Amino acid sequence: MSLSLDEVRKIAHLARLSVQEEDLQGYARNLSDILGLVQQMDGVDTRGVTPMAHPLDASQRLRVDEPTETDQRDHFQANAPAVESGLYLVPKVIE
Amino acid sequence: MHEKSIAELAAALKEGEVSSVELTAHYLRRIETLDDALNAYVTVTGEQAMEAARAADEARAQGHAGPLTGVPIAHKDIFCTEGTRTSCGSKMLDNFIAPYDATVVARFKAAGCPILGKTNMDEFAMGSSNETSYYGPVKNPWDTERVPGGSSGGSAAVVAGRLAPGATGTDTGGSIRQPAALNGVTGIKPTYGRVSRWGMIAFASSLDQGGPMARTAEDCALMLNVMAGFDHRDSTSIQRPDEDFTRHMNTPVKGLRIGLPKQFFGEGMDAGVARVVDEAIAHYKGLGAEFVEVDLPHSDLSVAAYYVVAPAECSSNLARFDGVRYGYRCEDPKDLLDLYMRSRGEGFGPEVKRRIMVGTYALSAGYFDAYYLKAQKIRRLIAEDFASAFKEVDVILGPTAPSTAFRLGEKTNDPVTMYLSDIYTIAVNLAGLPALSLPAGFSDGLPVGLQLIGNYFDEARLLGVAHQYQVGTEWCGMAPGGFV
Amino acid sequence: MEWETVIGLEIHAQLSTRSKIFSGASTAYGAEPNTQACAVDLGLPGVLPVLNEKAVAMAVKLGLAIDAQITPRSVFARKNYFYPDLPKGYQISQYELPVVGRGHLDIELDDGETRTIGVTRAHLEEDAGKSLHEDFHGMTGIDLNRAGTPLLEIVSEPDMRSSREAVAYMKKMHSLVRYLGICDGNMQEGSFRCDANVSVRRKGTEKFGTRTEIKNLNSFRFLEKAIEFEVERQIDVLEGGGAVVQETRLFDPDKGETRSMRSKEEANDYRYFPDPDLLPLDIDSTFIEQVRASLPELPDEKKQRFMNHYGLSAYDASTLTSSREMADYFEAVVEQAGSGQAKMVANWVMGELSGALNREGREIGDSPVSARALGALLARIQDNTISGKIAKEVFEAMWAGEGDADMVIEAKGLKQITDTGAIEQVIDQVIADNPKQLEQYRSGKDKLFGFFVGQVMKQTGGKANPAQVNELLKKKL
């Protein structure tokens, strides 16, 4: 299993991670190694096996429909990098 | 004071031999003088700790003390602590002041335990050596040239170095047990769903589980009594009546059926580790336990399956760190894409980025079935292996890690070799079972951990089995030179 | 060459729960920015979702109403993409196993024809926040109050063949969710909106053409215009020898056209996988039966009843049951006026009342003339106090707030003249004043009868009982 630099670039973009051009090679090697490790799975016959998404064989518990939260905007926005008039600011979104 | 276990400290507080203020101040002094050598704390919260200690003494004076009131502890920096930086070992959250308490933190506060500080960890709990932390690696108190293991390396080191009587940790693939083993302390990963994940920053949601780390199994049981319990804010929290995890402390192991998985005793384990495990088996035999070989045929695949499931979940869990609402934001983003790419590219370290990319790849169109779905199926096979084994035995025993603490920098350039440090611990997370690591001896002066795996919800028995070993051996009482 | 249009709709109905789908924050509309975005909605580190029971019950309600399968074990999945109004970097939705499976909805077209539109599925998901594009020093502002509001996405089969059918389907679904009380249907506030998948193909071919998806249509008119524009655009492209590109498009209501939304195009790899924070949703028969017991009378049932019980035409029954509020209003008036008057009540509700409401853009819920008041007015026609024509004048006065029917009749002196003597007196006068017309009438010009009626009504200010006028005139002439 070997990933090309282009594939690494594509994955990094999908994950929104900037990667320096000079680091691409290293990531390509590491990711290829990891996928190589993962490929051990290929040899196992898993026909008819139900995928296990979760260790608990339980079902979703439901919440009563009641507003329980109070306004904590200022408290939460104390951590925000850029805020104005109660809004989080991001570079202009073009649709 | 610091040579005492939590159980002993609780007794001393109860008897009035010491106050929480004295005890807390003592630990804070030790941290101040000794932690420079370890780098185990990311944040020390001395003032708040002293305030909480005074409140604990006050509560005791008024007759409102619980079992652990006044015993100071440390939290892994993955648990949100209101008003205190919660960094998760990452530059991404270096400036993040948590606006709320994790359930685990709230429970310890309610129990009257002052918080000494937040412990260092691998970035977002991704690592087995603590070297991926933004704050630099933690050093192993037994040999400061060596790693403490990870990701709860800071928590393990503060317990081993007597810089806290106990600390919380989290375990996604061995992150409590492996550092416990490498530092000569006891740590338990409970059954998935026992400890609330609310406020515990997610790495891989279906695998993450919080648990206690302390010197002894009894201490872990006392801490688990505080930590565990149903939480309506966590959909995966188990709704069961509260139980006393210390109830099997004095249950003899005579007649206990212990399984030895043949896959855990093949090649790959260091000779020194093998010797210690053999001695522990002999000790249990002496106590009247019976040993049976068990087969976990798919356990060899656990690392492979894990490195699909965990990165897949992490790639999604860590998408929220985007520089918009909190956390690191890059300088002068030229547009929205640039904001995302650079905030995340600069805010995350290389190991986190590797795992996000592996997970992104495994979930992407065209690869989902071959990777993610395949891994989920193998996960099922692994869980079924354990289910069959637990029809034959009460407890499964083996090594926690294949070697003792390795040297700093030894494996940093080779992620796959690093991942294999967790070869004995990962299967347990995939199945959701409880397991603990307890100190069982030394190899070349470095601690060796013994792993006990239990059936679902069988923590009390696991802790009892470990305790029976600890009352007859000296290992958990030993402190590293320089931290005596 | 003839073209056929193929349309499928994805309707997003905001469920009218009090709290959000996965958090305890309020869903009330119009709060200050980010004051109703709690830790969970903001996607703070360490937070976890817990599912709202009411949202599940509402989804099941819709499922039962469209005769759909309710999935016994459905699964929540994460749809991963980066966007500033999506705080976690993923939307919790349902992918492979939605809560509501295959169902159907019958629509009625203007010509009275009925068509069955297949519903592929309906799934629960969380809404995103809002990006505010007015200028904050060249930045965009993000308000996350809406983030986490429960949505039911109702996906139709590509069963519609014209914009008219698409609008009829959307209207029917709009009416249904309001009947069920699961969505307020407020399209201006975005509580009910849809994406339209549109393609064209040569008539007679089986294979679907390449489709485009027009996002976020929040009015019936926009839906109609957007489809019409898009169909023409696609036909032009194809007839010009080009190919339709599968893409997301946005409708610009000002220009009446759709345009490509390139920003959403790239990286359409959503990497769906089961949300590990949420366990599978089990819905047992007890839960389903509880929901079934809470179902109101549905539009189609109500329509049947209106036809059978009140003897209304299919058209009238269908119009009156198009919204629950209108049906309730109608029945309240009938109760007042007597069930024998159902047809007249129907004419009034669909005529005068609807006309006045439309004129002022009001909903029937805030009509200035209540059902009770309208009933009282119609009772005055019944007891011959006023004529139907005068009643319209009274209605206008009532609408303008001049009081109830009796007050208006009294104040304006509109009480009908039923005294034979008084009417005869007027008739005599009219005959005496128009000898020429009388002569012509008598010599066979029957049409002039209407002239005399008109003169009498004019003299009495329209208050003479028309039946009596007719009868007496015939005699006298």
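The values are calculated or read from the model by the stated rules, or taken from the named source; none is laboratory data. Just so you know, these numbers come straight off a predicted model, no measurement behind them. Note that we place each Cβ from the backbone using ideal geometry, even for glycine, and neighbour counts take in every protein chain shown. Ligands, DNA and RNA are stripped out before the accessible areas are found, and what is left, the full protein with its side chains, is counted by its heavy atoms. Shrake-Rupley method; radii C 1.70, N 1.55, O 1.52, S 1.80 Å.
Only one entry in B:Arg233, B:Arg240, B:Arg257 is over 30 Å from B:His2 (Cβ atoms), in contact with a Phe, Trp or Tyr (Cβ under 6 Å, 6 or more places away or on another chain) and not hydrophobic (A, V, I, L, M, F, W, C), namely B:Arg233.
Within the stretch B:445-476, being assigned to a helix (DSSP H, G or I), open to solvent by 50 Å² or more (accessible area, probe 1.4 Å) and in contact (Cβ under 8 Å) with a residue 60 or more places away in the chain holds for B:Arg461, B:Trp475.
Determine, yes or no, whether B:Gly83 is farther than 30 Å from B:Leu408 by Cα, open to solvent by 10 Å² or more (accessible area, probe 1.4 Å) and not aliphatic (A, V, I, L, M). Criteria met by B:Gly83. One residue alone among B:Leu381, B:Leu397 is under 26 Å from the mean Cα position of the chain (by Cα) and in the same structural domain as B:Asp208 (by TED's automatic domain parsing), and that residue is B:Leu397. Taking the stretch C:226-237 as the range and being free of Cβ contacts under 8 Å to residues at least 40 places away in the same chain, surrounded by 13 or more Cβ atoms within 10 Å (Cβ to Cβ) and either more than 16 Å from C:Cys194 (Cα to Cα) or not assigned by TED's automatic domain parsing to the domain that holds C:Arg201 (or both) as the test, the residues that pass are C:Phe229, C:Glu232, C:Arg233, C:Gln234, C:Val237.
The condition (being hydroxyl-bearing (Ser, Thr, Tyr), assigned by TED's automatic domain parsing to the domain that holds C:Asn268, out of contact with any Phe, Trp or Tyr (no Cβ under 6 Å at 6 or more places or on another chain) and open to solvent by 30 Å² or more (accessible area, probe 1.4 Å)) is satisfied by just one residue among C:Thr140, C:Thr149, C:Thr212, C:Thr205: C:Thr205.
Within the stretch B:423-444, restricting attention to residues that are in contact with a strand residue (DSSP E or B) (Cβ under 6 Å, 6 or more places away or on another chain) and part of a strand (DSSP E or B), the residue that is farthest from the other protein chains (Cβ to nearest Cβ) is B:Gly441. Look at (1) more than 27 Å from C:Lys130 (Cα to Cα); (2) within 7 Å of chain B (Cβ to nearest Cβ); (3) under 24 Å from the mean Cα position of the chain (by Cα); (4) open to solvent by 40 Å² or more (accessible area, probe 1.4 Å) and you find that A:Met52 fails only one, number (4). Annotation note: Cβ proximity below 8 Å between a residue of the stretch C:396-415 that is closer than 11 Å to C:Thr385 by Cα and a residue that is surrounded by 15 or more Cβ atoms within 10 Å (Cβ to Cβ) and among the acidic types (Asp, Glu) (sequence gap 6+ or interchain) occurs for C:Leu414/C:Glu393. Out of curiosity, is C:Glu134 in contact (Cβ under 8 Å) with a residue 60 or more places away in the chain and not assigned by TED's automatic domain parsing to the domain that holds C:Ser313? The answer is no for C:Glu134.
Considering each of C:Lys79, C:Lys54 in turn, give the residue that is touching a Phe, Trp or Tyr at 6+ places or on another chain (Cβ under 7 Å), more than 16 Å from C:Leu176 (Cα to Cα) and surrounded by fewer than 23 Cβ atoms within 10 Å (Cβ to Cβ). Show your work before the answer.
Working: C:Lys54 fails: touching a Phe, Trp or Tyr at 6+ places or on another chain (Cβ under 7 Å).
Going through C:Lys79, C:Lys54 in turn, the sole match is C:Lys79.
The residues on offer are C:Glu96, C:Glu53, C:Glu10, C:Glu2, and the sole one that is more than 12 Å from chain B (Cβ to nearest Cβ) and modelled with pLDDT under 95 is C:Glu2. So, B:Ala375, is that one in a helix (DSSP H, G or I) and at pLDDT below 95 or not? So B:Ala375 fails the test.
Is at least one residue of the stretch B:303-324 open to solvent by 20 Å² or more (accessible area, probe 1.4 Å), outside any strand (DSSP E or B) and either charged (D, E, K, R) or more than 30 Å from B:Val395 (Cα to Cα) (or both)? The answer is no; no qualifying residue exists.
Please state which one of C:Leu109, C:Leu86 is within 14 Å of chain B (Cβ to nearest Cβ), open to solvent by less than 60 Å² (accessible area, probe 1.4 Å) and either among the hydrophobic types (A, V, I, L, M, F, W, C) or over 30 Å from B:Ile201 (Cβ atoms) (or both).
Values: C:Leu109 fails: within 14 Å of chain B (Cβ to nearest Cβ).
Just a single option satisfies the conditions, and that option is C:Leu86.
Scanning the stretch C:366-388 for residues that are part of a helix (DSSP H, G or I), touching a residue at least 12 places away in the same chain (Cβ under 8 Å) and open to solvent by 70 Å² or more (accessible area, probe 1.4 Å) yields a count of 2.
Scanning the stretch B:92-118 for residues that are within 14 Å of chain A (Cβ to nearest Cβ) and crowded, with 19+ Cβ neighbours inside 10 Å yields B:Met92, B:Leu93, B:Phe96, B:Ala98, B:Pro99, B:Tyr100, B:Asp101. Scanning the stretch A:64-95 for residues that are open to solvent by less than 80 Å² (accessible area, probe 1.4 Å) and under 24 Å from the mean Cα position of the chain (by Cα) yields A:Phe76, A:Gln77, A:Asn79, A:Ala80, A:Pro81, A:Ala82, A:Tyr88, A:Leu89, A:Val90, A:Pro91, A:Lys92, A:Val93.
Of all residues in the stretch C:458-469, which are touching a helix residue (DSSP H, G or I) at 6+ places or on another chain (Cβ under 7 Å) and either surrounded by fewer than 12 Cβ atoms within 10 Å (Cβ to Cβ) or modelled with pLDDT of 85 or more (or both)? Once the filter is applied, which keeps residues that are touching a helix residue (DSSP H, G or I) at 6+ places or on another chain (Cβ under 7 Å) and either surrounded by fewer than 12 Cβ atoms within 10 Å (Cβ to Cβ) or modelled with pLDDT of 85 or more (or both), the stretch C:458-469 yields nothing. Note on the stretch B:434-444: residues that are buried (at least 21 other Cβ atoms within 10 Å of the Cβ) and charged (D, E, K, R) amount to 0. For the stretch A:15-34, the candidate set comprises residues that are farther than 12 Å from B:Lys353 by Cα and at the interface with another protein chain (Cβ under 7 Å from one of its Cβ atoms); within that set, the residue that is least open to solvent (accessible area, probe 1.4 Å) is A:Ile34.
Among strands (runs of 3 or more DSSP E) lying entirely in the stretch B:164-271, which contain 2 or more residues that are among the hydrophobic types (A, V, I, L, M, F, W, C), in contact with a Pro (Cβ under 9 Å, 6 or more places away or on another chain) and open to solvent by less than 30 Å² (accessible area, probe 1.4 Å)? Filter on the stretch B:164-271 gives B:209-214. Residues that are open to solvent by 60 Å² or more (accessible area, probe 1.4 Å), in contact (Cβ under 8 Å) with a residue 12 or more places away in the chain and polar (S, T, N, Q) within the stretch C:299-321 comprise just one, C:Gln304.
Can you name the residue in the stretch B:1-24 that is free of Cβ contacts under 8 Å to residues at least 40 places away in the same chain and in contact with a helix residue (DSSP H, G or I) (Cβ under 7 Å, 6 or more places away or on another chain) and is also nearest to B:Thr186 (Cα to Cα) among such residues?
Residues of the stretch B:1-24 that are free of Cβ contacts under 8 Å to residues at least 40 places away in the same chain, as a first pass: B:1, B:8, B:11-12, B:15-18, B:21-22.
Of the ones still in play, those that are also in contact with a helix residue (DSSP H, G or I) (Cβ under 7 Å, 6 or more places away or on another chain) are B:1, B:18, B:21.
Values: B:Met1: 19, B:Val18: 25, B:Val21: 26 Å.
It comes out as B:Met1.
Pairs are defined by a Cβ separation below 7 Å, a sequence spacing of at least 6 or placement on different chains, a first member in the stretch B:27-41 that is under 15 Å from B:Asp143 (Cβ atoms) and assigned by TED's automatic domain parsing to the domain that holds B:Asn140, and a second member that is among the small types (Gly, Ala, Ser) and open to solvent by 10 Å² or more (accessible area, probe 1.4 Å); the pairs so defined are B:Asn39/B:Gly136.
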